[in-house]
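Take a look at the structure set out below.
What follows draws every value from the coordinates through simple rules; no lab data is involved. Everything numeric in this text was worked out from a predicted model, so none of it was measured. Ideal geometry is used to build each Cβ from the backbone, glycine not excepted, and the neighbour counts take in all protein chains shown.
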Amino acid sequence: MNTREQLLALNDELRRLKAEGNRTISVSPEAMQALRDALADAPEEDGRSGFTPDANVALAVSEPSGVKPDPQPVRTFVLPTPAPVVAAKPALPPRPDVVLPDGDKPTRWNALREIVLNDPTCRQNVHPGKQVVFGVGNLDTAIMFVGEAPGADEEDQGEPFVGRAGQLLNRMIKAMGLDRSQVYIGNILNWRPAMGARNADGSQTGNRPPTQEEMACCLPFIRAQIAIIQPKVIVALGKTAVDGLLGPDRFKSMGAARGSWHEYAGTPLRATYHPSYLLRQEGLVSAAAKKIKRDAWEDLLAVMERAGVTISDKQRNYFL
């Protein structure tokens, strides 16, 4: 991973931390110096620095306890982000609710899939040579998972959750005693949100959450999928899915949303951490990382119980 990719990864992580309500992070002097060196080495593009300040995602950085403080121990860290694209995209058009033909679930689902895959706005926003992504799975399932937006692997294959986060989701489903083919998986957004500046070959490094405008454009599609499938339980994976289904002002953080039951259009909804967030806990042995994993599993146990899936003693004792 080159310096630019590392800084973009840092950018994504700090955005996630701020979205979850964090306002400060503890950074050692050695790490701060390494970050300064990385910023100094950031490549120049068109005579400009490869990264520009973004005050909207600034976090306060404090020295950890036990370290001799500087004269100003709390500093504002200005998050590096890629230079924005000069040409602004046109505003997305408002979208009415989707009208589907009468018929059984497969008939209505196939009609909706054709609508989404051929939707002019979706096709306009999908990356060149990539695919609009539509939901997949069992139309008669009791459990429906809803994520936020496709990533690079998803837009390549036209299917949600097929990359690293998707592989972890598959393992989570398997731990529930189920198979991916027994559930349904969809996303709030049907295309991969553009990051702005791109690599020389036109590719995109990193992902970002969808904007409210983008979500509003695609929400009728995921709502229609829920209406067709009529699951017993909806699992919202991550804060963006929670915001899309329950409203952007309902919860300030993922921690406030998870751990209890909510309702979407009369269907029980459980919010839990996105698999990409859980991937960041892999290899960590801290009490906080273990708690995150256990909390996510507790959410899935609650989903299993609500959906009528048998829970073994072994499953109840995972992560304990």
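Normalised by the number of residues in segment 212-270, the mean separation of alpha-carbon contacts (under 8 Å, six or more apart) gives a relative contact order of 36 percent. Entry note, segment 105-316: relative contact order of 21 percent, from Cα contacts under 8 Å with a spacing of 6+ residues.
Neighbours of residue 193 by Cβ distance under 10 Å: Lys/Arg scored +1, Asp/Glu scored -1, total 0. For residue 142, the shell of other residues with beta-carbons less than 12 Å away shows a net charge of 0, using +1 for Lys and Arg and -1 for Asp and Glu.
Structural size metrics of segment 163-320, computed from C-alpha coordinates, are Rg and Dmax of 16.4, 53 Å. Between residue 288 and residue 164, the simple spin-label model (points 7 angstrom out along Cα→Cβ) gives 2.0 nm.
On the basis of the beta-carbon distance and an R0 of 51 Å, residue 312 and residue 114 show a calculated FRET efficiency of 0.80. Summing charges over all other residues whose Cβ lies under 13 Å from the Cβ of residue 105, with Lys and Arg as +1 and Asp and Glu as -1, gives -1. Overall, segment 105-316 carries a charge dipole of about 540 debye about its Cα centre when +1 sits on the Cβ of Lys and Arg and -1 on the Cβ of Asp and Glu, all other atoms neutral.
Please compute, over every Cα-Cα pair in segment 248-320, the percentage with a separation greater than 20 angstrom. If you can, show how the numbers build up before the last one.
Values: 978 of 2628 pairs.
The share of Cα pairs beyond 20 Å in segment 248-320 comes to 37 percent.
Checking the table 174/314; 105/174; 232/290; 252/314; 174/232 against a 22 Å threshold on Cα-Cα, which pairs fail? The answer is 105/174; 232/290; 252/314. The GluC sites (Glu not before Pro) of segment 218-320 that DSSP puts in a loop, and whose beta carbon has at most 10 other beta carbons within 10 Å, are 282.
The charge dipole of segment 136-259, taken about the Cα centre with unit charges on the Cβ atoms of Lys, Arg (+1) and Asp, Glu (-1), comes to about 500 debye, rounded to the nearest 20.
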